[in-house]
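The values are calculated or read from the model by the stated rules, or taken from the named source; none is laboratory data. Predicted model, so just to flag it, every value in this text is computed and none were measured. We place every Cβ from the backbone using ideal geometry, glycine too, and count neighbours over all the protein chains shown. Side chains are part of the model used for accessible areas, which takes the heavy atoms of the whole protein and leaves out ligands, DNA and RNA. Shrake-Rupley method; radii C 1.70, N 1.55, O 1.52, S 1.80 Å.
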4 protein chains.
Amino acid sequence: MALKRSKINITIPKDRLETLVDGIFAIAMTLLVLSIEIPSAEFHSTADFQIYIISLLPKILIYFISFILLAIFWMNHHVFFVIKRVNSAILWINIIWLMFIALVPFSTSLVSSFGQYEFSQIFFDLNIFTIGLLFYINWNYAVKRGYIAEKAIPYDKPIKKSNLFTPLIALAAIALSFINPYLSSTVFLFIPIIYIFYLKII
Amino acid sequence: MALKRSKINITIPKDRLETLVDGIFAIAMTLLVLSIEIPSAEFHSTADFQIYIISLLPKILIYFISFILLAIFWMNHHVFFVIKRVNSAILWINIIWLMFIALVPFSTSLVSSFGQYEFSQIFFDLNIFTIGLLFYINWNYAVKRGYIAEKAIPYDKPIKKSNLFTPLIALAAIALSFINPYLSSTVFLFIPIIYIFYLKII
Amino acid sequence: MALKRSKINITIPKDRLETLVDGIFAIAMTLLVLSIEIPSAEFHSTADFQIYIISLLPKILIYFISFILLAIFWMNHHVFFVIKRVNSAILWINIIWLMFIALVPFSTSLVSSFGQYEFSQIFFDLNIFTIGLLFYINWNYAVKRGYIAEKAIPYDKPIKKSNLFTPLIALAAIALSFINPYLSSTVFLFIPIIYIFYLKII
Amino acid sequence: MALKRSKINITIPKDRLETLVDGIFAIAMTLLVLSIEIPSAEFHSTADFQIYIISLLPKILIYFISFILLAIFWMNHHVFFVIKRVNSAILWINIIWLMFIALVPFSTSLVSSFGQYEFSQIFFDLNIFTIGLLFYINWNYAVKRGYIAEKAIPYDKPIKKSNLFTPLIALAAIALSFINPYLSSTVFLFIPIIYIFYLKII
């Protein structure tokens, strides 16, 4: 005999799921900064310190890329909220999706510290790929079940297509990482460019 | 002469307790990622780096387990909010419960870094056990005092039973840690399985 | 010519100040866990690891004390919100107060790592003292200006008295730290005891 | 064919943008405390520990300055919300602005650990300069597009002028860093002074 808690109406209110989502995004976006390390040792000269400051530039670039990607995923999540109902499957897809969102500060640190190895890049790329894929699955599942708001139905197709951008760009980044690890993550700069000039989101 | 502040209606509004709870969960869930360490030293070769990347897999598994557990505890807490009143005892049970929630990133790091020692596993298992036990006490106390919403009363018994799952599985994990420390925390994977297939929560 | 922005009604809404306050408390409470360190070195034997686990106990006690103190300060802050108006002075008192709240994870780490030195204890004690003092000033200033809600006026005197507890206990802790540094922070355990048994808050 | 998501009204609700902004500020303000380091090594004597405690004072001063600056930027952001509409350009200006807000804990750590080098100071100063500049651009763009609330229009000029304070003081700090790195960041203390005595904000 399964306990059907839903019968006593103990569903998770949409606004508290949003609070958790917004909270995890705000924290993940702010923790990204920990990928830019403060050296624990002292420097021998001002020249040494200048070299360190210059070495920060690629780390700041990857911080920049990750921050923009998380901002875009956060914005995308609002699209998800034209979904009018949430069932157990959708909730779990979202939790696993959040798990990969919260992993981004680690992936970013990996690329930031060990960008010369293609495995760092592939780790980062797979992280972004999974985020994009889960979001794609989420939307398609919701459409199939008839859970999206009526006004969003005519836009189903272009949304489905646009949800493919992130996983596809991540696959391109993986391919590129074998050629040049340093270039791999810069491919993701295409995502904000697509969002700004093609999708004209919000 | 005791100061009865409640008389002047300075009780903590339920929505702000929820904000604190959601905040602590969002942060604890995101801090889990710090259990996956970035080495500070350089690697001698690409092969060395590959070994490091492979060594991340069990750390990611324990990150996965802890994230899912915290997500389930967060969902459970919504069940708690069919409780219609909060008194001083319930508030303090909740604060101590939150203290053990906020301890999970440390326990996770301990298992992640020193999983070969059964004491790490027992520490983690006891942390989860205490969280489950406090939640069990919380519900039973609220029922005894007549603080739960009327519509939830017929579901009291199955909820009580389901609240025993977490502490019991934690005890099983402690027992298992003496046989094989590495297997201990994987026992917790039963919790999401139970929630998804048996309890059909939300 | 001073720019009176208040004329165009760009005051900070009370609910967003609450969001910031709740956010900083949730984060500070969760960051406390970083005071319990994960050693970076490997252990030579299981016995060594057991010694480490036992050495965690005082660190967990100070984590416990700080968590409870922050929880009490957070609850106290709700009392503040019977204040019906916020002016520039009150806002700045609150921001400086939050600055000392956000400092608690550092003070806690200091006592956790270097509890044998009385200067660690005094640093921690002064941190708590300042938090208590600013809260005391905040309330007295609001009363003088007539900013508190009418229903709270008959309770002004007992609230004023209760606001003295934290700074006075902090002073006692400073005195004690010269006799025995280890005992100093345990004095703060009186604060939850007073709140639970004497003040019967909430 | 561009997908006009705005047509299906999937714009980001103002209250969720506020949640993200408040979240990032609360976290960045609390992470500042990580700039005050706990040494990992043991001390040889009580005298050594006292020297360490005294060496914390400039680190606490820079923590203080950064906390106050972030608090002021957070308050300023409320001014922004007399803007009645948000378009894609404003959203992206805000996201890049948040990226530099989230960078402040790093810049603060840099000055805290390596304040003797002018490059640390310049890094910090440029961070604050960019935050101020983006805020200035944000307001001017919103005014030009007619997006600000009517009641705010007569205050456009003094707000524009006051938005110049932060970038100008940051430029002064850069100039000063070449003369004396240690004095550079203290220049920012003028910002709270201006806000309290001249702008009389809120």
Which residues, counting only those in segment D:25-46, are surrounded by fewer than 19 Cβ atoms within 10 Å (Cβ to Cβ) and without any contact (Cβ under 8 Å) to a residue 24 or more places away in the chain?
-> D:Ile38, D:Pro39, D:Ser40, D:Ala41, D:Glu42, D:Phe43, D:His44, D:Ser45, D:Thr46
(1) within 17 Å of the chain's Cα centre (by Cα); (2) more than 18 Å from D:Ile65 (Cα to Cα) all hold for D:Arg145 apart from (1)
By residue number, the members of segment B:14-24 that are surrounded by fewer than 16 Cβ atoms within 10 Å (Cβ to Cβ) and either more than 14 Å from chain C (Cβ to nearest Cβ) or touching a residue at least 60 places away in the same chain (Cβ under 8 Å) (or both) are B:Lys14
Sort out which residues of segment D:127-156 are part of a helix (DSSP H, G or I), in contact (Cβ under 8 Å) with a residue 24 or more places away in the chain and open to solvent by less than 40 Å² (accessible area, probe 1.4 Å), and write them in order of number.
-> D:Asn127, D:Ile128, D:Thr130, D:Ile131, D:Gly132, D:Leu134, D:Phe135, D:Asn138, D:Trp139, D:Ala142, D:Ala152
Candidates B:Ser66, B:Ser55, B:Ser40, filtered to the one that is hydroxyl-bearing (Ser, Thr, Tyr), away from chain C (no Cβ under 11 Å) and over 30 Å from C:Trp74 (Cβ atoms) | B:Ser55
May I ask you to say which residue of D:Ile159, D:Ile193, D:Ile169 is at pLDDT 85 or above and part of a helix (DSSP H, G or I)?
-> D:Ile169
Answer yes if at least one residue in segment B:161-177 is free of Cβ contacts under 8 Å to residues at least 60 places away in the same chain, within 14 Å of chain A (Cβ to nearest Cβ) and more than 17 Å from the chain's Cα centre (by Cα), and no otherwise.
-> yes
Is it true that some residue in segment D:93-114 is more than 18 Å from the chain's Cα centre (by Cα), within 25 Å of A:Ile36 (Cβ to Cβ) and either acidic (Asp, Glu) or open to solvent by less than 10 Å² (accessible area, probe 1.4 Å) (or both)?
-> yes
Any idea which residue in segment B:52-71 is surrounded by the fewest Cβ atoms within 10 Å (Cβ to Cβ), counting only those that are touching a residue at least 60 places away in the same chain (Cβ under 8 Å) and under 20 Å from B:Ile24 (Cβ atoms)?
-> B:Ile68
Residues C:Phe49, C:Phe119, C:Phe124: which one is open to solvent by less than 10 Å² (accessible area, probe 1.4 Å), in contact with a Ser or Thr (Cβ under 9 Å, 6 or more places away or on another chain) and free of Cβ contacts under 8 Å to residues at least 12 places away in the same chain?
-> C:Phe49
May I ask you to list the residues in segment B:176-200 that are surrounded by fewer than 13 Cβ atoms within 10 Å (Cβ to Cβ), closer than 21 Å to B:Phe119 by Cβ and aliphatic (A, V, I, L, M)?
-> B:Ile179, B:Leu183
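To keep it simple, each residue is scored yes or no on (1) within 30 Å of D:Ala149 (Cα to Cα); (2) not in a helix (DSSP H, G or I).
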position: D:Ala26; (1), (2): yes, no
position: D:Val33; (1), (2): no, no
position: D:Ile60; (1), (2): no, no
position: D:Asn76; (1), (2): yes, no
position: D:Ile90; (1), (2): yes, no
position: D:Ile95; (1), (2): yes, no
position: D:Ser113; (1), (2): no, no
position: D:Gln116; (1), (2): no, yes
position: D:Phe119; (1), (2): no, no
Within segment A:98-130, how many residues turn out to be aliphatic (A, V, I, L, M) and away from chain B (no Cβ under 14 Å)?
-> 1
